[in-house]
Structures are given as C-alpha cells and as structure tokens.
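Only one structure is covered here, and it is reproduced in the block below.
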Amino acid sequence: MGAADLRNAVPPARVGSFFGFVGVTVVLAVGLTAAPLVALPGDLAALPDAFWIMAALAVVCDARPFVPPGQRHTSAVFPSICFTFAILVAWGLGEAVAVQTAAVVVSGWRLRYVAWRTAFNAAQYACALTAAEEVLQLGPGTAFADDRLPWTGAVALAGAALAWFVVSYGLVSMAVRLRFGDPWWPTVRRGLAFESLATGSLLLLAPVLVAAARVSAALIPLVLVPLFAVYRMARLSADQEHLAALDPLTGLPNRKALLVEVAEQIRQHAERGAEGKPDAHLALLLIDLDRFKNVNDALGHEVGDRLLVAVSERLTSALGSWDMVARLGGDEFAVVSAGLTGVDDARRVAGRVVRALAEPVSLDGLPLDVGGRSASRSTPTTARISPP
C-alpha cells in the first residue's frame, strides 16, 4: 500500500462513525457559509487589487504544502491560512471561505487526497473561519479603525485567531479519533505543540498582511519572506522530532520509537478489551543476527554497517506496510505487527523474517551469511519462534 493510499485509508470497522462525522461537518460548513457565499458574486467587482493578490498567493502557496515526516496524526502546514485569515479580517467571510476552498482543492490534488478528505478540509476551514468571524463581530466592528489598530482591535484579532485554531484543531482531532480509535486527550495532545507553533505563526502574520495591504498592494508579496521563515521553522521542528526517533545508520525507527509504538498498541488493545469490543492481536518480534560479530571483526565496522543497512532493507521489503521494523542497536532488530488473528499469524510473520535473512547478503561480490533468530510475543498469548 503506497503512502497516498495510507493517507486516504479508513479502517473498515470505523467507516460508519468516521464518515458520519465527515458528513455532519460538511453539512454544518455549508449551512454556516451559504449566505455569504451566495452574496459573493455581487461583491467581486468591487474587490481591490490587494484581495486578488492575496487570493492568488493563497492558491499558489498551497500547491506546495509542508507535510511533517512520519507523523500520522499531524496535518500538513498550509500557507494559505495566512492569506485567508487576512482576507477574513479585511473583506469578510464569503471571500475568505471561497479562496480557502480553492486553495484546499489545489493542495488536495497536490497531495493526492481522495474527495472525502478534500471536502472535510474545506469544511473544517469554513467552520474555523466562521468562528473567527463571530469573534471579530464581538470587537469594535472593524479591527483597523482609521488605518490604526486599537488595543480592542488587537484583542479581537487574537481572539479570532484562537477561535480559528480551537475549531480547526478540534475538528481534526475528532476526525483522527474516529478514524484510528485513539482516545480524545492523547489525540489532542500528540500534535498540539507542532500545530500551535506552525498554525499560530501563520494566523498572527495575517494582521501584518492587512496593514501592508492598506499602505500598498505592492507590499503584499513581501510577506512571502516571513512566510518562508515560518515554513522553514515548521520543517526544522518536525525534522528534529522525526530524526530523534530514527536510527541514524539504517533510517529505521529506533528503540525510543519502538517503545512508543508498543505502548500505544497495548493501550489500544487494553481499551478495546475493557469495552468488550472485538480486537486483533499484536505481535512483537525480536531479531538477533547470527555471526555479525565475526563480520565486524574480520572485515571492519564499515562493512558491518553496510551489512546492517542491507539487512534493514530486506526486513522492510519482506514485511507489510503496516508493520514497524525498528533497530534496537548493534545487530538487534524488532518488528511490531498489528492486526493479527492469533499466534499462527505471528508465526507466519516470523517465518517471513527468517526467510528474508536465510539468503547470504552480497557486498562487493562477497557473500556474507549472517542468518538470524527471532522470538515473538503476541497479545494475549505468548509464543517463541525459532528458525527451522
């Protein structure tokens, strides 16, 4: 299963509740924004150049969103948020929702999202913009009065940005919970720091963009410089978090990532068991390479490192997309395999591991026979599997 398929997949047991929530969100968004969108065609002719520049930049920038690596529960960073929030502040809800929807369609095509995911993202942003608009209406009427931003306007903008974030992140967190079955609070907490930093920075750039547009529309493209800085900041933050969970030699998840995954899988298993829900088994396979020390001693650590990389590639190729292959350190690897029906499935996974290591690894024409031993622990039954 490819990366795009994994992003668009929904577990069969969760299809009903998940798509029910998606449908309700879309219907709610349509109901909240129908009136301003219907009135929008009559207002288009009066919109200034600044609006069209912001709209074009929103769509163009979302053609290259930033997707954090290795984070299943964290959404991509969409630069259009900055421009559409500024459009909301300067011109109103209908204009902002229309531009945001166009940007979502472009980013959905770019990321190869299926129709339901693009529709949900558009609805999510429409609801968030509506919440922000309601908060702005509680302020002085317009954030910028006589080309100045009074303290009351600044407070209204901050409140609107907070409302936007709470609604958007809340909808995404609920969708993730229904899609993957995770508890509410861990789902919210998992990506909160990253989302707050990235999305908050984009939202707070919007008032600067509005102020620049009031001086001259020619100043609007200059916001691309701080926007690029936000993009780089989000990328560096996500990359650091991602690299901290990877083995630097093989690129596989490391011991820390393995422990997090096992703890999460066991917690989900226990929760479903306590609720009396049917559940699949989880298997943890520990793999120890044979004769690896002999290779290191005879041929050197450089050859040993190349051998470990080759072994990691074999293990990854032999197992499924939903299985996690991790390197614990030295010549020790581990596999977490979820969704099994019992011990026999765990034995079959272990068999694939043993067969993958049975053939010698050829490095520079030299066959290296290391083989491997594996032991497996599955929930709720324990078994040990050894090579034949």
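None of the figures in this text is laboratory data; all of them are computed from the coordinates on show. Small disclaimer: the values here were computed from a predicted structure and weren't measured. Because the Cβ atoms are built from the backbone with ideal geometry, glycine has one as well, and the counts that use them run over all protein chains shown.
In a fully extended conformation the segment linking Val38 and Val15 would gain 5.0 nm over its present Cα-Cα distance, using 0.36 nm per residue. With both labels modelled 7 Å from their Cα along Cα-to-Cβ, the Val215 to Ala154 distance reads 1.7 nm.
The fewest-to-most ranking of Phe51, Phe228, Phe19, Phe165 by surrounding Cβ atoms within 10 Å reads Phe228, Phe19, Phe165, Phe51.
Taking label points 7 Å from Cα along the Cα-to-Cβ direction, Ala193 and Asp239 give a separation of 1.9 nm. Ordered by the number of other Cβ atoms lying within 10 Å of each residue's own Cβ, fewest first, Ile287, Ile266, Ile53, Ile81 fall into the sequence Ile266, Ile53, Ile287, Ile81.
The modelled label-to-label distance for the pair Leu366/Ala298, using points 7 Å beyond Cα in the direction of Cβ, is 0.9 nm. Shown for Thr118, Thr33, Thr341: other C-beta atoms within 10 Å of each C-beta, ranked fewest to most, produce the order Thr341, Thr118, Thr33. For Val208 and Leu47, the FRET efficiency from 1/(1 + (r/R0)^6), where r spans their Cβ atoms and R0 equals 22 Å, is about 0.60.
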